[in-house]
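Data block below; observations after.
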Amino acid sequence: MPFAELPAVRINYLRMPAEDEAPAPEDVVMIHGLATNMAFWYGGLAPVLTRFARVTIYDLRGHGHSSMPPTGYSPVEMAEDLRLLLDHLGIDSAHMVAHSFGGMVAVIFALSHPERVKSLVLADVRLRPVQPRLRLRQWRFAPRWHEALAEAGVTLDDDHPDSGILLLTELARLTVERPDDARRLNETFFGAEARLGTRTARRWLNMLETTSAFGEITGPGPDFHRDDLKRLTQPILALVGEHSIAKTSARVLKRECANCVLRVIPGAGHFFPLSRRQLFARLCLRFYAARAGWRPELGTRH
Amino acid sequence: MDLAKVQELVFEVVAGLVADWDLDAEIGPTTRLVADLEFESIDIIQMVVAFEERLRKRNLGFEKLLMIDGRYVDDLSLGQIAAFLHQRLTVAA
């Protein structure tokens, strides 16, 4: 797969051509969350969008097949990686689709380079300046998690302001050391489709152990202020799972951004782009048709 | 391209991908990507891109093989992949 050799990092990317490249198709760039990689999109929304657009997926630094420099993991620095990648690929502007932490990267990029972002789909994104602390203890499913983690012999500090990342890390450790227990836990809480692969889990642990990623991802911030969100005038689709802890961020986006549509995915958690692929794709296509000045042929081939 | 040649190509591409993974598995038609070769989803992307490069064809439609009812299939054998590729190449010819 191709790499973009940027000054501080080598970024692995894949450009998926539109089925019909003439006239020049719209560009869509997709940004994954933590502890995953470009494959997050490959089996879901990306191939659907190639019916109408040219899609670029890539691995954030330290993830997938991108390189793992010792520093540079703040969302601001990853937004700069995105700018350099777009420059490398000759993409002047694009529709952005992002999940989870990838949404922080997309929002910071859109605030810094508004002219390069035609629209934003933000799937279950926790905006740190809006939700600086994410304590799983406050989540309604915390008692169930506790029980299941205790059964697997895992102790989690669910009062830590970034306990979501701690949970991800514990699941990664379990995936490496006791894959059957990890699979059971993952499937119980996130669904079979969101499970971590062993090598992906190892890479996540390696990144936390050998780089400054944890400190840079979790702080010190704020990377922007809540009021800055008013400057996002592009069409925005904020999607959030009914059971997600990121609902506060989605509501703030809706309140602060004049052109934002909020949709709650019934019965879904954090990983609905995987667990509810078809619904996710349908909502995105409707958004593009109705709000983003782009009219994919709904219903003809999807 | 006949099925035997496609199969040969599949074995070659997959063997190249797993060359430094320190696996004991044999490469053959019954070898499974996940159970035998410990493939993860990003490896599948690499494999598909490698096929596209080798065959000089894009959009081989692998999602039709990888996804059933909107979900990833649990596993695939190299024989299944070769048969799918052969069928796609025959249709496209």
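The values are calculated or read from the model by the stated rules, or taken from the named source; none is laboratory data. Predicted model only: the values in this text are computed from it and were never measured. Here the Cβ positions follow ideal geometry from the backbone for every residue, glycine too, while neighbour counts run over all protein chains shown. SASA here: full protein model, heavy atoms, side chains in, ligands and nucleic acids out. Shrake-Rupley method; radii C 1.70, N 1.55, O 1.52, S 1.80 Å.
Structure values in brief
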item	result
Condition met for A:TYR13 (aromatic (Phe, Trp, Tyr), at pLDDT 95 or above and open to solvent by less than 10 Å² (accessible area, probe 1.4 Å))	no
Residue that is nearest to A:GLU209 (Cα to Cα) [pool: residues in the range A:137-168 that are open to solvent by less than 20 Å² (accessible area, probe 1.4 Å) and either of a type in the set (Phe, Trp, Tyr) or in contact (Cβ under 8 Å) with a residue 60 or more places away in the chain (or both)]	A:ILE165
Scope the range A:85-126; condition in contact (Cβ under 8 Å) with a residue 40 or more places away in the chain, on the phi < 0 side of the Ramachandran plot and hydroxyl-bearing (Ser, Thr, Tyr); matching residues	A:SER93, A:SER119
B:ASP43, sole failed condition from (1) over 20 Å from A:THR200 (Cβ atoms); (2) of a type outside the set (Lys, Arg); (3) touching a helix residue (DSSP H, G or I) at 6+ places or on another chain (Cβ under 9 Å); (4) modelled with pLDDT of 90 or more	(1)
Some residue of the range A:270-278 being assigned to a loop (DSSP other than H, G, I, E, B) and touching a residue at least 12 places away in the same chain (Cβ under 8 Å)	yes
Pairs where the first residue, in the range A:12-37, is in contact (Cβ under 8 Å) with a residue 60 or more places away in the chain and on the phi > 0 side of the Ramachandran plot and the second is surrounded by 20 or more Cβ atoms within 10 Å (Cβ to Cβ) and in a loop (DSSP other than H, G, I, E, B), C-beta under 7 Å, 6+ apart	A:ALA35/A:LEU196
Condition check for A:VAL252: part of a helix (DSSP H, G or I), among the β-branched types (Val, Ile, Thr) and touching a helix residue (DSSP H, G or I) at 6+ places or on another chain (Cβ under 8 Å)	yes
Qualifying residues in the range A:26-44 (those that are away from chain B (no Cβ under 11 Å) and either open to solvent by 20 Å² or more (accessible area, probe 1.4 Å) or among the small types (Gly, Ala, Ser) (or both)) - the one farthest from A:VAL105 (Cα to Cα)	A:GLU26
Some residue of the range A:231-238 being assigned to a helix (DSSP H, G or I), within 14 Å of chain B (Cβ to nearest Cβ) and not aromatic (Phe, Trp, Tyr)	no
Residue in the range A:67-78 that is open to solvent by less than 30 Å² (accessible area, probe 1.4 Å) and either within 14 Å of chain B (Cβ to nearest Cβ) or closer than 27 Å to A:TYR288 by Cβ (or both) present	yes
Residue within the range A:184-199 that is open to solvent by less than 20 Å² (accessible area, probe 1.4 Å), in a helix (DSSP H, G or I), modelled with pLDDT of 85 or more and not β-branched (Val, Ile, Thr) present	no
Matching residues in the range B:35-69 - criterion: being open to solvent by 20 Å² or more (accessible area, probe 1.4 Å), under 12 Å from the mean Cα position of the chain (by Cα) and more than 9 Å from chain A (Cβ to nearest Cβ)	B:GLU52, B:LEU65
Residue ID - nearest to B:ILE42 (Cα to Cα), chosen from residues in the range A:167-204 that are hydroxyl-bearing (Ser, Thr, Tyr) and within 14 Å of another protein chain (Cβ to nearest Cβ)	A:THR200
Subset tally (residues that are within 8 Å of another protein chain (Cβ to nearest Cβ) and among the polar types (S, T, N, Q)) for the range A:45-65	1
